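The values are calculated or read from the model by the stated rules, or taken from the named source; none is laboratory data. This is a predicted model, so every value here is computed, not measured. Positions of Cβ are backbone-derived with ideal geometry, glycine not excepted, and every protein chain shown enters the neighbour counts.
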Amino acid sequence: MVRRGRTVCDVGTDHAYLPSYLILNGISPRAVAGDIGEGPLKNAEKSVKIYGVEENVKLRLSDGLDNIGEDEADEIIICGMGGNLIADILSRAEWLRNPDKHIIAQPMSHAEDVRRFLCENGFEIEEERVCEDDGRLYLALSAYYTGEKKEYSPGFYYRGLLLKNGDALSKKYFEKHYTRVKKRIAGIEGKDAFLEEYTALKAAADDIEKEFENAES
Ligand SMILES: C[S@@+](CC[C@H](N)C(=O)[O-])C[C@H]1O[C@@H](n2cnc3c(N)ncnc32)[C@H](O)[C@@H]1O
């Protein structure tokens, strides 16, 4: 998903494998590899030496994008974190509200939180892709700022572009996560303490079911 020839910021880089790969393969000219932890940054330091990309990859201690300058990166990549944390990191960087910036996120859970943040804040999801590695499914999505706030139905945050994609892995990923939602609905049904969550999840599931019915008819 990374546009060729653009500068990159890898948020939560850990071993800096991603920026090293992008430089070594001529995809990106420069990258900032950020992490909140000193330990991961030490890992990153070792990698950039081993791969001989110290000149191209700047290492930065940073909580999210807090210490990353707007002019340092066009491609903002956040991989391997929960959807809620990704949404929080995106929400704190006002400078992402710029159509030239390209966001790429790979949530390990709760992708709906990322989709909701993006859609409610004027970003448009451009693409979603699912891949399988060692029996696990991974979702990556990319988005741009448009400034337009469109109306999305409640089910959208749970299905995103996965069903439109039409490939087997997207379908498999959707079904796995939709099953989780349906189990949760069944688990909290009738419990007063979870009424708000129940109402929101039920609206999303009803919306998805309606879409299935429409597709069949
Ligand atoms: C599971 S690793 C993912 C590493 C790599 N991005 C990947 O996908 O393979 C998560 C990394 O994110 C870092 N991290 C967690 N919260 C962060 C934050 N708020 N800002 C920057 N980095 C963060 C952790 O220190 C850790 O190195």
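When we screen ARG3, ARG30 for residues that are within 22 Å of LEU90 (Cα to Cα) and free of Cβ contacts under 8 Å to residues at least 40 places away in the same chain, the only hit is ARG30. A single member of GLY39, GLY80 is of a type outside the set (Phe, Trp, Tyr), on the phi > 0 side of the Ramachandran plot and either in the same structural domain as TYR144 (by TED's automatic domain parsing) or at pLDDT 95 or above (or both), and it is GLY80. Among the residues of the range 5-28, those identified as over 15 Å from LYS101 (Cα atoms), touching a helix residue (DSSP H, G or I) at 6+ places or on another chain (Cβ under 8 Å) and among the small types (Gly, Ala, Ser) are GLY12, ALA16, SER20. A Cβ distance below 6 Å, combined with a sequence gap of six or more or placement on separate chains, defines the contacts here; from the range 10-23, residues that are more than 13 Å from PRO40 (Cα to Cα) and without any contact (Cβ under 8 Å) to a residue 12 or more places away in the chain reach no residue that is within 9 Å of the ligand (Cβ to nearest atom) and of a type in the set (D, E, K, R).
Residue count for the range 13-29 satisfying the condition of being more than 9 Å from the ligand (Cβ to nearest atom) and surrounded by fewer than 18 Cβ atoms within 10 Å (Cβ to Cβ): 6.
Residues being part of a strand (DSSP E or B) and under 27 Å from GLY122 (Cβ atoms) are entirely absent from the range 13-23. Note on the range 47-78: among residues that are charged (D, E, K, R) and within 16 Å of the ligand (Cβ to nearest atom), the one that is surrounded by the most Cβ atoms within 10 Å (Cβ to Cβ) is GLU75.
Being of a type outside the set (A, V, I, L, M, F, W, C), under 27 Å from VAL181 (Cβ atoms) and in the same structural domain as ILE125 (by TED's automatic domain parsing) is a description that does not apply to SER28. If the requirement is being more than 30 Å from GLY166 (Cα to Cα) and of a type in the set (A, V, I, L, M), which of these qualifies: LEU90, LEU59, LEU85? After applying the criteria, what remains is LEU59. Please work out if LEU90 is more than 8 Å from the ligand (Cβ to nearest atom), under 15 Å from the mean Cα position of the chain (by Cα) and surrounded by 17 or more Cβ atoms within 10 Å (Cβ to Cβ). Yes: the conditions hold for LEU90. A count restricted to the range 30-42 and to residues that are away from the ligand (no atom under 12 Å from the Cβ) and surrounded by fewer than 22 Cβ atoms within 10 Å (Cβ to Cβ) stands at 1.
Inclusion of VAL8 among residues that are among the β-branched types (Val, Ile, Thr), at negative phi, in contact with a Leu (Cβ under 7 Å, 6 or more places away or on another chain) and crowded, with 19+ Cβ neighbours inside 10 Å is warranted.
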